[in-house]
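Here's the structure, in structure tokens; my notes come after.
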Amino acid sequence: MARLDTIIRNGTVVTAADTVACDIGIKDGVVVVLGRDLGDADEVIDISGLLALPGGIDSHVHFAQPSGPDIVMADGFASGTLAAACGGNTTVLPFCMQQKGQSLREALKQYHAAADGQCHVDVAFHMIITDPTEQVLGQELPALVEDGYTSLKIFMTYEGMALNDREILETLSVARETRALVMVHAENYDAIRFLTDRLERAGKTAPRYHATSRPIPVEREATHRAISLAELIDVPIVIVHVSNGEAMEEIRRAQIKGLKIFGETCPQYLVLTEKDLDGLNMEGARYVCSPPPRDAASQTACWDGLSTGVFSLFSSDHCPFRYNDTHGKLVPKGRTSFRWVPNGIPGVETRLPILFSEGVGKGRIDLNRFVALTATNHAKMYGLYPRKGTIAIGSDADIAIWDPRRKVTISQSLMHHGSDYTPYEGLEVTGWPVRTIVRGTMVAGDGIAAGKPGHGRYLSRTRSLLAARP
Ligand code: URP
Ligand code: ZN
Ligand code: ZN
């Protein structure tokens, strides 16, 4: 065997299936050997007492996404992927959003131009379809799926983005024909508009009323409807950012029926609640995201979904805005009503430590499920497996080294994202990624950038393995 570039020695290697004490040999960015006594290498990293996990794959992040007049997203690809790397991730899947009237190719050209040469970790794009014309669904989308853009997101809410049921059915039909995977944002648009109008008429305009305007039935109904529409077309879908037990139970019921319905939840639904949106002034705007964080019972239900396998994905839904910024959460119109506060919170850097500490550390999930929920299932779901999402011979050497005992108090001062706050300020966690390696190269170590922007590559993807039909 040719001399190895790197050996990671004396650690415990954890995958979705196994936990093994062994060394990892890397050559040309790929894992080429797992075992003991691997000989010598140009670089030997001793990780005694530490864990080697597949680098996290965060399959739900938003970078550089147009977010409305006068609103600027806090992360582009450089800061967003650096934050991802420092948080133990080696691949992210941001969205490429089609503007109304825009061709998908044109949207992709813009996102590729924004990402090119900027990324610290590897990147692939999901499309967001906001304008499902005949041309888009009949011509563009099938060609893009062939070109490796094998997943897309659709919205059942948001001004200018929501698709009606007919449009959803048309989109799902094309997904079935092309074997693309559709991610669904499930909230009932008309119900939200009705409740928002009513709250505004009553003068209830503070950020806390964002949660009141999108109660659990709004999400449960849309989840049920999305599943029913997918059942009609006989196509798999992923319900993203599920926040509560009622929506989770809709997914569980569908799965028991044998439907290929997948679920994703996020850190905000495990450790935040509606109460975080309280505050006399605009403080609660920091936590405005959709669906909103709920209550303790919803948190428990989301844990249940993670531990029983109803949810196969744990993502951040990183959608960062600055708080103290008139182009962010404090946009002047937002002071007149929660309706205008930009939706979304940062989280790409804290997703993994929160699940590690609250999940593995507190005995709610084991380490192998942690790996499945944060890396392996994302790779299988979105056509990156086995190149990504595991530590195996032939896989890219995408590895996060974890110190399972390190205690950290999450704080904005530790973050690398473009936001000026973290919604998890003050949360104490045990377990932290201390080194992140992408294709054999260290890109972050001890909370600082170790690589250069541009190491991260664009990834073309195959069809979903998990959603494949016989
Ligand atoms: O509030 C959120 N989640 N913003 C991000 C966009 C989305 O719906 O995923
Ligand atoms: Zn969404
Ligand atoms: Zn999102």
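Readers should treat all values here as calculations from the given coordinates under stated rules, not as data from a laboratory. Not measured: the values here are computed from a predicted model. Positions of Cβ are generated from backbone atoms using ideal geometry, with glycine treated the same way; all protein chains shown enter the neighbour counts.
Observations, loosely collected:
- If you check GLY334, GLY363 for being surrounded by fewer than 24 Cβ atoms within 10 Å (Cβ to Cβ) and not in a loop (DSSP other than H, G, I, E, B), only one passes: GLY334.
- Close pairs (6 angstrom Cβ cut-off, 6 or more residues apart or separate chains): within 16 Å of ligand 2 (Cβ to nearest atom) in region 338-355, small (Gly, Ala, Ser) and not in a loop (DSSP other than H, G, I, E, B) anywhere: VAL341/ALA285; VAL341/GLY334; VAL348/ALA83; VAL348/ALA84
- Scanning region 13-34 for residues being in a loop (DSSP other than H, G, I, E, B), closer than 18 Å to THR90 by Cα and among the charged types (D, E, K, R) gives a total of 1.
- Count of residues meeting criterion [among the aliphatic types (A, V, I, L, M), more than 20 Å from CYS319 (Cβ to Cβ) and in contact with a strand residue (DSSP E or B) (Cβ under 8 Å, 6 or more places away or on another chain)] in region 257-304: 1
- If the condition is being surrounded by fewer than 18 Cβ atoms within 10 Å (Cβ to Cβ) and within 30 Å of LEU82 (Cβ to Cβ), then region 122-155 contributes ASP147, GLY148.
- Candidate set: region 337-349, residues that are touching a helix residue (DSSP H, G or I) at 6+ places or on another chain (Cβ under 9 Å) and in a loop (DSSP other than H, G, I, E, B); chosen: the one nearest to VAL408 (Cα to Cα): GLU349
- Within region 261-293, considering residues that are of a type outside the set (S, T, N, Q) and part of a strand (DSSP E or B), the one surrounded by the most Cβ atoms within 10 Å (Cβ to Cβ): GLY263
- Residue within region 156-169 that is surrounded by 23 or more Cβ atoms within 10 Å (Cβ to Cβ), touching a Phe, Trp or Tyr at 6+ places or on another chain (Cβ under 8 Å) and not acidic (Asp, Glu) present: yes
- Candidate set: region 337-353, residues that are among the hydrophobic types (A, V, I, L, M, F, W, C) and within 14 Å of the chain's Cα centre (by Cα); chosen: the one farthest from ligand 1 (Cβ to nearest atom): LEU352
- Tally of residues being away from ligand 2 (no atom under 16 Å from the Cβ), in a helix (DSSP H, G or I) and within 25 Å of SER59 (Cβ to Cβ) across region 221-247: 9
- All of (1) in contact with an Asp or Glu (Cβ under 6 Å, 6 or more places away or on another chain); (2) within 16 Å of ligand 3 (Cβ to nearest atom) hold for HIS62 with one exception: (1).
- Test: residue in region 72-94 that is surrounded by fewer than 20 Cβ atoms within 10 Å (Cβ to Cβ) and at positive phi: no
- Residue selected from region 230-247 under the condition touching a residue at least 60 places away in the same chain (Cβ under 8 Å), under 21 Å from TYR382 (Cα atoms) and among the hydrophobic types (A, V, I, L, M, F, W, C), by the criterion nearest to ligand 3 (Cβ to nearest atom): VAL240
- Region 110-121: number of residues that are surrounded by fewer than 20 Cβ atoms within 10 Å (Cβ to Cβ) and hydrophobic (A, V, I, L, M, F, W, C): 2
- Of all residues in region 289-310, those being in contact (Cβ under 8 Å) with a residue 60 or more places away in the chain and away from ligand 1 (no atom under 16 Å from the Cβ) number 5.
- Qualifying residue in region 321-335 (condition: in contact with a Gly (Cβ under 8 Å, 6 or more places away or on another chain) and within 20 Å of LEU414 (Cα to Cα)): yes
- Which listed residue is assigned to a loop (DSSP other than H, G, I, E, B) and more than 16 Å from ligand 3 (Cβ to nearest atom), from ASP75, ASP42, ASP37: ASP37
- The residues of region 4-21 that are crowded, with 18+ Cβ neighbours inside 10 Å and touching a residue at least 40 places away in the same chain (Cβ under 8 Å), listed by number, are ASP5, THR6, ILE8, GLY11, THR12, VAL13, VAL14, THR15, ALA16.
- Index of the failed condition, LEU313 passing every other in (1) surrounded by fewer than 24 Cβ atoms within 10 Å (Cβ to Cβ); (2) hydrophobic (A, V, I, L, M, F, W, C); (3) within 16 Å of ligand 2 (Cβ to nearest atom): (1)
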